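The values are calculated or read from the model by the stated rules, or taken from the named source; none is laboratory data. In this text the structure is predicted, and so the values were computed from the model without any measurement. Cβ placement follows ideal geometry from the backbone for every residue including glycine, while neighbour counts extend to all protein chains displayed.
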Amino acid sequence: MSTESLHQLDRRRIVHPYLPASVSERVVMTRGKASSLWDTDGREYLDATGGLWLAQVGHGRDELADVAASQMRELEYFTSFWEFSNPPAIELADRLARLAPDPISRVYFTSGGSEGIEAALKMARYHHYRRGNGDKTWILARERAYHGIAYGGGTASGFGLYHDGFGPMLPHVEHLTPPWPYRAELFDGQDCADYCVAELQRTIERIGADNIAAMIGEPIMGVAGMVAPPDDYWPRVREVLRRNDILLILDEVVTAYGRIGTWFAAEHFDVDPDIIVTAKGITSGYFPLGAVLIAEDVAQTLGADHGFPMGYTYNGHPTGCAVALANLDIIEREKLLARASEIGGHLLDKLHVELADSPLVGEVRGVGMMLGIELTADRDTREPLPNPQAVADAVRRDHGVIVRDSAQGLVLSPALTLTRDEADRIAAAIRAVLATTDSDGTIRS
C-alpha cells in the first residue's frame with residue numbers, strides 16, 4: 001500500500017490520542033533499529049523520545065522477538081487468576097522483588113501504567129479498609145502530575161485537560177503544589193521543599209490523617225517537563241506520611257528500570273515507598289506489561305480473607321513476562337544503568353552548551369535519560385513560550401529528530417543505548433530550531 005493510501009486510511013479509521021481531526025499530517029513508521037526509525041518513504045528519524053519514554057534497550061532487538069516467539073509456541077497465554085500461574089510470571093516476580101528497594105517483596109501484574117495506577121489506588125484504600133480504617137479514602141496528589149488517564153489515575157493527574165468534560169471525577173482527591181524549583185513563584189518566597197512539606201502537613205491536619213489513605217507521586221514529574229524535586233523532598237514527605245499512617249505510592253511508570261541510572265528512582269531519592277507502580281521500560285515496549293510492586297505488610301493485608309478482589313485479563317501474561325525477563329537481561333548485560341547516567345549526563349552538558357545563548361530557554365534540567373528544556377517567551381518573567389508543540393514539530397520535520405513537547409517546553413527520553421554522536425545531533429537540532437523561533441512561538445522559515 002502506498003504512503004498516501006496509508007495516510008488516507010489512517011485518517012478515515014483511527015482516532016489518535018491528542019490529535020485534532022483538523023490535522024491531516026501522518027507519519028507512518030515501518031521499521032526501527034537502536035535509536036533510529038524509518039517511515040514509509042524511507043526517511044530516517046532519530047528517536048529522542050524512546051517511543052513514549054519506554055525504549056530502554058532500543059528498537060529492533062532480535063533476541064526479544066525470538067523470546068516472544070518461543071514463549072508463544074510453548075504457552076502463549078493462560079489466566080493468572082486464582083491459583084493459576086506460569087513460570088515466566090513467577091520468575092519475573094522474584095527478580096523484581098530482588099531488584100526493588102526494601103520493603104518491597106510482592107508483585108501484582110498489569111498490562112501497563114494506567115492499569116497499575118488504578119490497582120495501586122484501590123490497594124491503598126483496601127489496605128486501610130481491611131485494617132478497620134474504612135474512612136481512610138482520601139488520595140493526595142500534586143498539580144501538574146500525570147498518573148494515566150483512567151478514572152482514578154486521571155483524577156489524580158493534575159491537569160484540567162484530563163478532567164474537563166468527563167463529568168464527576170473520583171471523589172476524595174486533593175492536589176498539592178508540585179516541587180518545581182524553577183517556578184519559585186509557587187512557594188511564596190520560601191524554600192521549595194520547606195513550602196511543600198509544610199503544605200502537606202497543613203493538608204493532613206485539614207482533611208484529617210484518619211481520612212487519608214495514600215499520597216501518590218512521580219519521583220520526577222514527566223509530563224510537567226521532567227521536573228526533579230530537591231533532594232530532601234521525598235525523604236521529608238515520606239517521614240510526614242509515616243507519622244500519619246498514610247501510604248506512599250511512587251508512580252515509577254517512567255523512572256523505573258534504568259531510565260535515571262538506577263533500577264528505581266526510590267533508590268536515587270533514598271525513599272522507601274509502600275507501593276511502586278511500574279510499566280514501560282519493563283519490556284522496553286516489546287510487549288504491553290506492567291508490575292505493581294508492594295511492601296510485605298500491605299500485601300499481607302490484601303491477601304487476607306478472600307484475597308484482593310481485582311484482576312486484569314492479561315495479569316501475569318506469560319509472553320509478556322518472558323520478554324520482560326530477557327529485557328532485564330539486556331539492561332544488566334550491557335550495563336545500561338551506568339550508560340543512562342553517562343550518556344544522559346553528556347546530553348545534558350551538550351544542551352547547556354548549545355542552548356546557553358538562547359533567550360527562549362529558561363532552564364535545562366535532567367537526571368539520567370530524563371531531560372527537560374523549559375521554554376520561555378521571556379527569561380526574566382519566566383512566561384512560558386506559546387505552543388511548544390510547534391518547536392517539536394519543526395525539530396522532526398526539518399532535522400529528523402523526534403522530541404516531545406510538554407506543558408511548558410520540550411522533554412527527551414532516548415533509549416539507554418543512545419550514542420554520544422546521537423546525543424550531539426539531538427542538541428544541535430533543537431538549537432537550530434530555537435534560533436529561528438520568536439518569543440510568540442512563531443517559527444521563521
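Looking only at the range 366-391, which residues are charged (D, E, K, R) and either surrounded by fewer than 21 Cβ atoms within 10 Å (Cβ to Cβ) or in a loop (DSSP other than H, G, I, E, B) (or both)? Correct list: ASP378, ARG379, ASP380, ARG382, GLU383.
Just the residues that are among the charged types (D, E, K, R) and under 19 Å from ARG242 (Cα atoms), please, taken from the range 98-121.
The one that is among the charged types (D, E, K, R) and under 19 Å from ARG242 (Cα atoms): ASP102.
Here PRO219 clears all of (1) under 25 Å from the mean Cα position of the chain (by Cα); (2) part of a helix (DSSP H, G or I); (3) under 25 Å from VAL361 (Cβ atoms) except the condition numbered (2). Cβ-Cβ contacts under 7 Å between residues 6 or more apart (or on different chains), taken from a first residue in the range 99-114 that is in a loop (DSSP other than H, G, I, E, B) to a second residue that is among the β-branched types (Val, Ile, Thr), are listed as ALA100/ILE276.
Checking each residue in the range 301-336 for being in a helix (DSSP H, G or I), farther than 21 Å from ASN86 by Cα and in contact (Cβ under 8 Å) with a residue 40 or more places away in the chain picks out THR301, LEU302, ILE330, ILE331, LEU336. In the range 155-189, which residue that is charged (D, E, K, R) and surrounded by 11 or more Cβ atoms within 10 Å (Cβ to Cβ) is nearest to PRO229 (Cα to Cα)? Applying the filter and picking the extreme gives ARG183.
Scanning the range 283-298 for residues that are part of a loop (DSSP other than H, G, I, E, B) and under 16 Å from the mean Cα position of the chain (by Cα) returns THR283, SER284, GLY285, PRO288, LEU289.
Summed over the range 392-436, residues that are at positive phi and among the charged types (D, E, K, R) total 0.
From the list SER22, SER5, the one residue that fits, being assigned to a helix (DSSP H, G or I), of a type outside the set (Phe, Trp, Tyr) and surrounded by fewer than 11 Cβ atoms within 10 Å (Cβ to Cβ), is SER5. Being in a helix (DSSP H, G or I), surrounded by fewer than 23 Cβ atoms within 10 Å (Cβ to Cβ) and not assigned by TED's automatic domain parsing to the domain that holds GLY148 holds for only one residue in SER341, SER358, and it is SER341.
MET310 meets each of the listed conditions (1) buried (at least 23 other Cβ atoms within 10 Å of the Cβ); (2) touching an Asp or Glu at 6+ places or on another chain (Cβ under 9 Å) apart from (1).
Scanning the range 206-218 for any residue that is farther than 21 Å from GLY134 by Cβ, assigned by TED's automatic domain parsing to the domain that holds HIS147, of a type outside the set (Ser, Thr, Tyr) and touching a Ser or Thr at 6+ places or on another chain (Cβ under 8 Å) turns up at least one such residue. Within the option set ASP270, ASP245, being in a loop (DSSP other than H, G, I, E, B) and closer than 16 Å to PRO229 by Cα holds for one residue only, ASP270. For beta carbons closer than 7 Å, sequence separation of 6+ or different chains, a first residue in the range 153-172 that is in the same structural domain as ALA124 (by TED's automatic domain parsing) and within 18 Å of MET215 (Cβ to Cβ) and a second that is of a type in the set (Ser, Thr, Tyr) and not in a loop (DSSP other than H, G, I, E, B), the qualifying pairs are GLY153/SER114; GLY154/TYR162; MET169/THR155; LEU170/TYR151; LEU170/THR155. Within the set of pairs 6+ apart or on separate chains, which have a first residue in the range 26-45 that is surrounded by fewer than 18 Cβ atoms within 10 Å (Cβ to Cβ), a second that is not in a strand (DSSP E or B), and C-beta atoms under 6 Å apart? From the range 26-45, the pairs are VAL28/LEU6; VAL28/THR40; THR30/THR40; LYS33/GLY60; ASP39/VAL27; ASP39/VAL28; ASP41/THR3.
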